[in-house]
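This report concerns only the one structure given below.
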Amino acid sequence: MAGLITRSIIYPFMKKTLVSLLLCSVGFQAVCNAQSTEVFKRKSYQLTFIEQDTTFSKALKEKLVKTFYTVYPELAKEYNKKTAKNVTFVIDTAYKGVAETGNATVTFSYKYMMAHPADIDVVTHEVMHIVQEYGYSAGPVWLTEGIADYARNKYGVNNAGSKWTLPAYKPTQSYENSYRITARFLVWIEKNVKPDFVKDIDASLRKHTYTESTWKEETGKTLDELWTSYSANPTI
Ligand SMILES: [Zn+2]
(Lines give C-alpha, C1' and ligand atoms only; values in the text may rest on other atoms or scores of the structure.)
Protein backbone atom coordinates (compact mmCIF):
# COMPACT_ATOMS: atom_id res chain seq x y z
CA MET A 1 0.00 0.00 0.00
CA ALA A 2 2.77 2.39 0.94
CA GLY A 3 4.29 1.90 -2.51
CA LEU A 4 1.05 2.77 -4.22
CA ILE A 5 0.56 5.90 -2.12
CA THR A 6 4.11 7.11 -2.85
CA ARG A 7 3.64 6.55 -6.54
CA SER A 8 0.47 8.57 -6.68
CA ILE A 9 2.24 11.47 -4.96
CA ILE A 10 5.25 11.46 -7.26
CA TYR A 11 3.42 10.89 -10.49
CA PRO A 12 -0.02 12.46 -10.10
CA PHE A 13 0.07 13.76 -13.65
CA MET A 14 1.08 10.43 -15.18
CA LYS A 15 -1.77 8.80 -13.34
CA LYS A 16 -4.22 11.31 -14.78
CA THR A 17 -2.78 10.78 -18.25
CA LEU A 18 -3.34 7.08 -17.89
CA VAL A 19 -6.92 7.67 -16.80
CA SER A 20 -7.44 9.94 -19.84
CA LEU A 21 -6.03 7.29 -22.17
CA LEU A 22 -8.28 4.62 -20.67
CA LEU A 23 -11.34 6.84 -20.98
CA CYS A 24 -10.38 7.70 -24.58
CA SER A 25 -10.15 4.03 -25.44
CA VAL A 26 -13.70 3.47 -24.24
CA GLY A 27 -15.06 6.51 -26.05
CA PHE A 28 -15.24 9.43 -23.63
CA GLN A 29 -14.47 12.09 -26.24
CA ALA A 30 -14.78 15.03 -23.83
CA VAL A 31 -11.78 13.77 -21.87
CA CYS A 32 -9.75 12.92 -25.00
CA ASN A 33 -10.18 16.39 -26.42
CA ALA A 34 -9.38 18.15 -23.19
CA GLN A 35 -5.61 17.77 -23.19
CA SER A 36 -2.87 19.17 -25.37
CA THR A 37 0.92 19.09 -25.29
CA GLU A 38 3.29 21.48 -27.05
CA VAL A 39 7.08 21.33 -26.94
CA PHE A 40 9.21 24.48 -27.23
CA LYS A 41 12.96 24.45 -27.87
CA ARG A 42 14.87 27.69 -27.44
CA LYS A 43 18.16 28.86 -25.91
CA SER A 44 19.19 25.23 -25.22
CA TYR A 45 16.19 24.71 -22.95
CA GLN A 46 13.19 22.55 -23.78
CA LEU A 47 9.81 23.41 -22.32
CA THR A 48 7.00 20.87 -22.57
CA PHE A 49 3.69 22.65 -22.02
CA ILE A 50 0.76 20.45 -21.10
CA GLU A 51 -2.76 21.81 -20.82
CA GLN A 52 -5.29 19.53 -19.23
CA ASP A 53 -7.98 21.70 -20.72
CA THR A 54 -7.48 23.51 -24.01
CA THR A 55 -9.84 26.29 -22.96
CA PHE A 56 -6.82 27.73 -21.09
CA SER A 57 -6.11 31.24 -22.41
CA LYS A 58 -3.76 31.23 -25.43
CA ALA A 59 -2.46 34.69 -24.51
CA LEU A 60 -1.69 33.52 -20.99
CA LYS A 61 0.05 30.40 -22.28
CA GLU A 62 2.21 32.61 -24.50
CA LYS A 63 3.09 34.81 -21.51
CA LEU A 64 4.00 31.81 -19.36
CA VAL A 65 6.28 30.45 -22.08
CA LYS A 66 7.86 33.86 -22.72
CA THR A 67 8.48 34.38 -19.00
CA PHE A 68 10.10 30.97 -18.76
CA TYR A 69 12.52 31.76 -21.60
CA THR A 70 13.27 35.19 -20.11
CA VAL A 71 13.95 34.24 -16.50
CA TYR A 72 15.08 30.60 -16.49
CA PRO A 73 18.31 31.12 -18.49
CA GLU A 74 19.12 34.15 -16.31
CA LEU A 75 18.55 32.24 -13.08
CA ALA A 76 20.56 29.30 -14.41
CA LYS A 77 23.46 31.59 -15.32
CA GLU A 78 23.43 33.33 -11.95
CA TYR A 79 22.86 30.39 -9.61
CA ASN A 80 23.19 26.94 -11.16
CA LYS A 81 24.49 26.31 -14.67
CA LYS A 82 23.79 22.59 -14.23
CA THR A 83 20.07 23.12 -13.74
CA ALA A 84 17.63 20.91 -15.71
CA LYS A 85 17.58 21.50 -19.48
CA ASN A 86 14.14 19.96 -19.89
CA VAL A 87 11.30 21.55 -17.96
CA THR A 88 7.60 20.72 -17.99
CA PHE A 89 4.69 23.06 -17.25
CA VAL A 90 1.33 21.46 -16.50
CA ILE A 91 -1.88 23.48 -16.41
CA ASP A 92 -3.82 21.36 -13.96
CA THR A 93 -7.59 21.67 -13.76
CA ALA A 94 -7.88 19.80 -10.44
CA TYR A 95 -4.94 21.37 -8.56
CA LYS A 96 -6.15 23.40 -5.59
CA GLY A 97 -3.10 25.55 -4.75
CA VAL A 98 -1.46 28.25 -6.91
CA ALA A 99 1.52 26.27 -8.22
CA GLU A 100 4.12 23.77 -7.10
CA THR A 101 7.34 22.32 -8.43
CA GLY A 102 9.02 18.91 -8.32
CA ASN A 103 11.21 16.91 -10.72
CA ALA A 104 11.63 19.92 -13.05
CA THR A 105 7.86 20.03 -13.49
CA VAL A 106 5.78 23.04 -12.51
CA THR A 107 2.11 22.40 -11.87
CA PHE A 108 -0.06 25.51 -12.22
CA SER A 109 -3.65 25.79 -11.12
CA TYR A 110 -5.82 26.35 -14.21
CA LYS A 111 -8.34 28.20 -12.06
CA TYR A 112 -5.84 30.47 -10.27
CA MET A 113 -3.92 31.46 -13.41
CA MET A 114 -7.10 32.19 -15.38
CA ALA A 115 -8.33 34.36 -12.49
CA HIS A 116 -4.93 36.12 -12.00
CA PRO A 117 -3.43 36.45 -15.50
CA ALA A 118 -1.10 39.29 -14.42
CA ASP A 119 0.55 37.10 -11.78
CA ILE A 120 2.94 35.76 -14.37
CA ASP A 121 5.92 35.71 -12.02
CA VAL A 122 4.52 32.63 -10.36
CA VAL A 123 6.78 31.23 -13.12
CA THR A 124 9.82 33.07 -11.73
CA HIS A 125 9.28 31.79 -8.18
CA GLU A 126 8.61 28.23 -9.30
CA VAL A 127 11.44 27.85 -11.80
CA MET A 128 13.83 29.17 -9.14
CA HIS A 129 12.90 26.01 -7.23
CA ILE A 130 14.16 23.97 -10.20
CA VAL A 131 17.43 25.96 -10.20
CA GLN A 132 17.76 25.55 -6.42
CA GLU A 133 17.82 21.74 -6.66
CA TYR A 134 18.62 21.41 -2.95
CA GLY A 135 17.42 17.83 -2.52
CA TYR A 136 16.45 16.43 0.84
CA SER A 137 19.34 17.20 3.22
CA ALA A 138 19.38 20.97 2.82
CA GLY A 139 18.32 23.84 5.05
CA PRO A 140 14.97 25.06 6.32
CA VAL A 141 11.95 25.39 4.05
CA TRP A 142 11.46 29.04 5.06
CA LEU A 143 14.86 29.83 3.55
CA THR A 144 14.18 27.89 0.33
CA GLU A 145 10.92 29.81 -0.12
CA GLY A 146 12.51 33.11 0.89
CA ILE A 147 15.18 32.67 -1.78
CA ALA A 148 12.54 31.83 -4.41
CA ASP A 149 10.69 35.07 -3.61
CA TYR A 150 13.99 36.98 -3.52
CA ALA A 151 14.53 35.69 -7.08
CA ARG A 152 11.01 36.71 -8.05
CA ASN A 153 11.63 40.19 -6.65
CA LYS A 154 14.91 40.56 -8.55
CA TYR A 155 14.18 38.80 -11.84
CA GLY A 156 10.39 39.00 -12.13
CA VAL A 157 8.99 40.50 -15.35
CA ASN A 158 5.66 41.86 -14.08
CA ASN A 159 5.78 42.22 -10.30
CA ALA A 160 4.55 45.82 -10.43
CA GLY A 161 1.80 44.94 -12.92
CA SER A 162 0.50 42.25 -10.57
CA LYS A 163 0.92 44.53 -7.52
CA TRP A 164 3.39 42.07 -6.02
CA THR A 165 5.83 43.78 -3.66
CA LEU A 166 7.93 42.97 -0.63
CA PRO A 167 5.85 43.87 2.44
CA ALA A 168 7.09 46.56 4.81
CA TYR A 169 8.88 45.37 7.94
CA LYS A 170 6.73 44.89 11.06
CA PRO A 171 7.97 44.03 14.57
CA THR A 172 5.69 40.98 14.64
CA GLN A 173 7.63 39.40 11.78
CA SER A 174 10.31 36.69 11.96
CA TYR A 175 12.74 35.40 9.33
CA GLU A 176 10.89 32.11 9.64
CA ASN A 177 7.76 33.73 8.18
CA SER A 178 9.25 32.69 4.83
CA TYR A 179 8.32 33.90 1.31
CA ARG A 180 8.33 37.70 0.89
CA ILE A 181 9.18 38.46 4.52
CA THR A 182 12.35 36.38 4.34
CA ALA A 183 13.03 37.73 0.83
CA ARG A 184 13.02 41.30 2.15
CA PHE A 185 15.46 40.30 4.92
CA LEU A 186 17.77 38.81 2.25
CA VAL A 187 17.58 42.04 0.22
CA TRP A 188 18.49 43.99 3.36
CA ILE A 189 21.48 41.71 4.08
CA GLU A 190 22.82 42.23 0.55
CA LYS A 191 22.41 46.02 0.79
CA ASN A 192 23.79 46.44 4.29
CA VAL A 193 26.02 43.51 5.13
CA LYS A 194 27.18 41.42 2.20
CA PRO A 195 26.53 41.80 -1.53
CA ASP A 196 26.00 38.45 -3.29
CA PHE A 197 25.02 36.81 0.00
CA VAL A 198 22.11 34.96 -1.61
CA LYS A 199 24.37 33.47 -4.27
CA ASP A 200 26.64 32.10 -1.56
CA ILE A 201 23.92 30.74 0.69
CA ASP A 202 22.12 29.20 -2.31
CA ALA A 203 25.35 27.43 -3.30
CA SER A 204 25.86 26.11 0.24
CA LEU A 205 22.30 24.74 0.28
CA ARG A 206 22.86 22.96 -3.03
CA LYS A 207 26.21 21.54 -1.90
CA HIS A 208 24.62 20.47 1.40
CA THR A 209 27.30 22.36 3.33
CA TYR A 210 24.69 24.74 4.79
CA THR A 211 24.32 24.87 8.58
CA GLU A 212 23.07 27.66 10.82
CA SER A 213 26.72 28.75 11.27
CA THR A 214 26.84 29.57 7.52
CA TRP A 215 25.23 32.93 8.36
CA LYS A 216 28.09 33.82 10.70
CA GLU A 217 30.78 32.52 8.35
CA GLU A 218 29.33 34.60 5.51
CA THR A 219 28.51 37.82 7.35
CA GLY A 220 30.31 37.80 10.72
CA LYS A 221 26.93 37.75 12.47
CA THR A 222 24.61 34.95 13.51
CA LEU A 223 21.17 34.67 11.95
CA ASP A 224 19.52 36.15 15.06
CA GLU A 225 22.07 38.98 15.27
CA LEU A 226 21.36 39.82 11.63
CA TRP A 227 17.62 39.86 12.28
CA THR A 228 18.12 42.12 15.32
CA SER A 229 20.11 44.61 13.20
CA TYR A 230 17.47 44.37 10.47
CA SER A 231 14.63 45.10 12.88
CA ALA A 232 16.52 48.10 14.29
CA ASN A 233 16.88 49.69 10.85
CA PRO A 234 14.84 47.82 8.23
CA THR A 235 15.13 50.30 5.35
CA ILE A 236 15.98 48.71 2.02
ZN1 LIG B 1 7.88 28.04 -3.44
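The values are calculated or read from the model by the stated rules, or taken from the named source; none is laboratory data. Just so it is clear, the structure is predicted and the values come from calculations on it, not from any experiment. All Cβ positions, even for glycine, are placed from backbone atoms using ideal geometry, and neighbour counts span all protein chains on display. These accessible areas exclude ligands, DNA and RNA; they are computed on the full protein's heavy atoms, side chains included. Shrake-Rupley method; radii C 1.70, N 1.55, O 1.52, S 1.80 Å.
Does Val193 satisfy being farther than 16 Å from Tyr79 by Cβ and aliphatic (A, V, I, L, M)?
Values: farther than 16 Å from Tyr79 by Cβ: yes; aliphatic (A, V, I, L, M): yes.
So Val193 fits the description; yes.
Could you tell me which of the residues Ile147, Ile120 is in a loop (DSSP other than H, G, I, E, B) and within 13 Å of the chain's Cα centre (by Cα)?
Selected residue: Ile120, the only one of Ile147, Ile120 that is in a loop (DSSP other than H, G, I, E, B) and within 13 Å of the chain's Cα centre (by Cα).
Just one of (1) touching a Leu at 6+ places or on another chain (Cβ under 8 Å); (2) open to solvent by 20 Å² or more (accessible area, probe 1.4 Å) trips up Val87, so point out which.
(2)
In region 209-230, what count of residues is obtained for those that are part of a helix (DSSP H, G or I) and loosely packed, with under 15 Cβ neighbours inside 10 Å?
Going through region 209-230 one residue at a time, the tally reaches 5.
Determine which single condition Gly135 fails, assuming it passes every other condition in (1) part of a helix (DSSP H, G or I); (2) under 16 Å from the mean Cα position of the chain (by Cα).
(1)
Going by what's in this entry, would Tyr95 be described as away from the ligand (no atom under 16 Å from the Cβ), in a loop (DSSP other than H, G, I, E, B), modelled with pLDDT of 95 or more and surrounded by 19 or more Cβ atoms within 10 Å (Cβ to Cβ)?
Here the answer is no, as Tyr95 does not meet what is asked.
Tell me, please, whether a residue that is in a loop (DSSP other than H, G, I, E, B) and either within 16 Å of the ligand (Cβ to nearest atom) or modelled with pLDDT of 95 or more (or both) can be found in region 195-205.
yes
Take the conditions more than 11 Å from the ligand (Cβ to nearest atom) and either surrounded by 19 or more Cβ atoms within 10 Å (Cβ to Cβ) or under 23 Å from Thr235 (Cα atoms) (or both) and apply them to Tyr155. Does it pass?
yes
Only one of (1) open to solvent by 10 Å² or more (accessible area, probe 1.4 Å); (2) near the ligand (Cβ under 10 Å from one of its atoms); (3) not in a strand (DSSP E or B) is not met by Ile130, so which one is it?
For Ile130, the failing item is (2).
Given (1) open to solvent by 50 Å² or more (accessible area, probe 1.4 Å); (2) within 16 Å of the ligand (Cβ to nearest atom); (3) part of a helix (DSSP H, G or I), identify the lone condition not met by Lys63.
(2)
Specify the residue that is least open to solvent (accessible area, probe 1.4 Å); the eligible residues are those in region 99-120 that are away from the ligand (no atom under 12 Å from the Cβ) and closer than 23 Å to Glu78 by Cβ.
Ile120
Being more than 10 Å from the ligand (Cβ to nearest atom) and either among the β-branched types (Val, Ile, Thr) or at pLDDT 95 or above (or both) is the filter here; which residues of region 135-150 pass it?
Of the residues in region 135-150, the ones more than 10 Å from the ligand (Cβ to nearest atom) are 135-140, 142-143, 150.
Result: Pro140, Trp142, Leu143, Tyr150.
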